[in-house]
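Worksheet: the structure to be examined is printed underneath.
The values are calculated or read from the model by the stated rules, or taken from the named source; none is laboratory data. Computed from a predicted structure; not experimentally measured. Cβ coordinates were reconstructed from backbone atoms using ideal geometry, including for glycine residues, and neighbour counts include every protein chain displayed. Calculation scope for accessible area: heavy atoms of the full protein, side chains included, ligands and nucleic acids excluded. Shrake-Rupley method; radii C 1.70, N 1.55, O 1.52, S 1.80 Å.
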Amino acid sequence: MLIREATAGDWPRIWPFWHRIVAAGETYAWDPDTSEADARSLWMNPAKRVYVAEDGDGTVVASAYLTPNYGGPAARIANAGFMVDPDRAGRGTGRALDEYVLGAARAGGYRGMVFNAVVETNPAVGLWASLGFTVLGTVPDAFDHPRHGRVGLHIMHRTL
């Protein structure tokens, strides 16, 4: 698997799984009806460093972004988002991409990383815990999950 910085030309290869994941309404607090133009603006925003993971034949199977979570004197705390094509889940792609982005954040001078709105039923919670993230708190009943009803949103943190 190759992990590299994304280019503008990667968006058409990210969009199909981005749309599928967000439209499912299970793991991201973004509108499931987000248009492609708005999605591109959210994910490929110039303030973010965006990465892709490609399998052996060059297919983009995952993407992530890295950005400051805050500004000014707190700008050394990172935020990131991760998406793995659901058809490629369970193959270690998410872990490899997470580890890569954590390394990029450290190399970029970030002191920590925070996730602001992790749906508590998201299977990635276990992955992030195994990578050293802890739940700082949970906003109860904050997310209307299509299968589980109202669930909490975790705020997760890890020192880098």
Kirkwood Rh (inverse of mean 1/r, distinct Cα pairs), the chain, angstrom: 16.1
Label-zone membership for segment 1-21, site Ala107, 7 angstrom Cα→C-beta point, backbone N under 18 Å: 1-7
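Once a ≥ b ≥ c are taken as the square roots of the eigenvalues of the Cα gyration tensor of segment 30-101, is the result rounded (a/c under 1.5), prolate (a/b larger than b/c) or oblate (a/b not larger than b/c)? Let's see the in-between values first.
Numbers: a/c = 2.22, a/b = 1.36, b/c = 1.62.
Oblate, because a/c is 1.5 or more while a/b does not exceed b/c.
Multiply the residue gap between Arg150 and Ser41 by 0.36 nm, knock off their C-alpha separation, and tell me the result in nm, one decimal place. Show your work: numbers first, answer last.
On the way: separation 109, 0.36 × 109 = 39.24 nm, distance 2.81 nm.
Roughly 36.4 nm would be gained on extension.
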³J(HN,Hα) computed for each position of segment 22-33 - Karplus, 6.51 cos²θ - 1.76 cosθ + 1.60, integer Hz, glycine/proline x: 5, 5, 5, x, 10, 10, 10, 8, 10, 4, x, 9
Residue-wise HN-Hα coupling along segment 122-133, computed from phi with Karplus coefficients 6.51, -1.76, 1.60 (Hz; x: Gly, Pro): 5, x, 5, 4, x, 4, 5, 4, 5, 9, x, 7
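Under a 1.4 Å probe, what is the accessible area of the chain per residue, stated in Å²? The partial results should precede the final answer.
Working: 7840 Å² over 160 residues.
Per-residue accessible area for the chain comes out at 49 Å².
Once you list every other residue whose beta carbon is under 12 Å from the beta carbon of Thr27, what net charge do they have if Lys and Arg are +1 and Asp and Glu are -1?
Net local charge, Thr27 excluded: 0.
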Sites Asp141 and Arg91 - FRET efficiency at Förster radius 35 Å, r taken between beta-carbons, to 0.05: 0.60
Inter-part distance where segment 134-154 and segment 61-109 are each reduced to a Cα centre, Å: 21
